[in-house]
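Heads up: the structure comes next, in structure tokens.
The values are calculated or read from the model by the stated rules, or taken from the named source; none is laboratory data. Remember, predicted model here, so these are calculated numbers, not experimental data. All Cβ positions, even for glycine, are placed from backbone atoms using ideal geometry, and neighbour counts span all protein chains on display. Heavy atoms of the whole protein, side chains included, go into the accessibility calculation; ligands, DNA and RNA do not. Shrake-Rupley method; radii C 1.70, N 1.55, O 1.52, S 1.80 Å.
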Amino acid sequence: MPIPSSPVLIRIAGAFAAIVVLGLIAIGGRCASPTMVSCSAETLFNGGPRLDVPYKGTRPAVIARMLEMAEVKAGDHVIDLGTGDGRILIAAARERGARGLGIDLDAVLIGKARANARSAGVADRVRFETGDLFKADLSAADVVTMYLLPEVNYRLCPRLLAQLKPGARIVSHAFDMGDWKPDATRRAGGATVHLWHVPPLDKRPALCPGATRASAR
């Protein structure tokens, strides 16, 4: 079997090196992607969870505005949808005495949220679960907080109206819920925050399509 000449070997080595470089760039891109929260083995080799919303943390000024607008107080049960590293729920517990639950699809972020809660001294008042926010039981919430995307908000609208009790408050960083107009909109730290109060049952059907048919499970 003939031995490849030096130029051929050089071309083969160059092609192999290019493949390696492209692979590293791809991995780096996945690690830097806003939907990838960590370069864990799960993220790199198994693709991580299929996320509905890219992870992006909410700034402290925006969190403060959200909690202010929702009038979060001691004893309130706050459910944070797409909780990420838990910063909104942790602030609600630490600064306003609330309790609550944070839900996110990404187990890596949930681990960070739990660690952050321990560091903040509020782990006895908040818990974080890996789960699908479209399957979560929201009925216990006095306040729902979220920083999602418009299409996710629209999908959630019927579920929120089907499960939340009259008077519950919903605050959303940046995005609204289409035909269900917010009761208040304010600015903080260059961002927009929307607030809704859940109306009595007889006022809900026209607010978003399918609200009366949404499953409460």
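Quick check: net charge around GLY84, other residues with Cβ under 12 Å of its Cβ, Lys/Arg +1 and Asp/Glu -1? Intermediate values should be presented prior to the final figure.
On the way: positive: LYS56, ARG87, LYS112; negative: ASP80, ASP85, ASP104, ASP106.
Taking every Cβ under 12 Å from that of GLY84, the sum is -1.
Once the mean of 1/r is taken over each pair of separate Cα atoms and inverted, the range 109-171 shows a Kirkwood hydrodynamic radius of 13.3 Å.
So for the range 78-217: antiparallel DSSP bridges make up what percent, rounded to the nearest 5? Intermediate values should be presented prior to the final figure.
Values: 11 of 28 bridges.
The antiparallel fraction comes to roughly 40 percent.
Taken about its Cα centre, the range 96-200 carries a charge dipole of about 360 debye when Lys and Arg each add +1 at the Cβ and Asp and Glu each add -1 at the Cβ.
The trypsin sites (Lys or Arg not before Pro) of the range 119-181 that meet both conditions, a loop assignment by DSSP and at most 14 other Cβ atoms within 10 Å of the site Cβ, are LYS135. Return the carbon/sulfur percentage of the accessible area of the range 124-204, one whole number, probe 1.4 Å, all protein chains in place. That fraction is 51 percent. Rolling a 1.4 Å probe over the heavy atoms of the protein chains gives the range 113-179 an accessible area of 41 Å² per residue. Among the listed pairs LYS181/LYS203; LYS56/LYS112; LYS73/LYS165, none has a Cα-Cα separation exceeding 23 Å. With Cα atoms as the point set, the radius of gyration and Dmax of the range 146-186 evaluate to 9.8, 26 Å. For PRO166, the shell of other residues with beta-carbons less than 15 Å away shows a net charge of +1, using +1 for Lys and Arg and -1 for Asp and Glu.
Add +1 for every Lys or Arg and -1 for every Asp or Glu among the other residues with Cβ under 10 Å from the Cβ of ARG127, and state the total.
Working: positive: ARG99, ARG114, ARG125; negative: ASP124, GLU129.
Overall, the nearby charge balance is +1.
Placing pseudo-labels 7 Å out from each Cα toward the beta carbon at LEU149 and ASP137 gives an inter-label distance of 3.0 nm.
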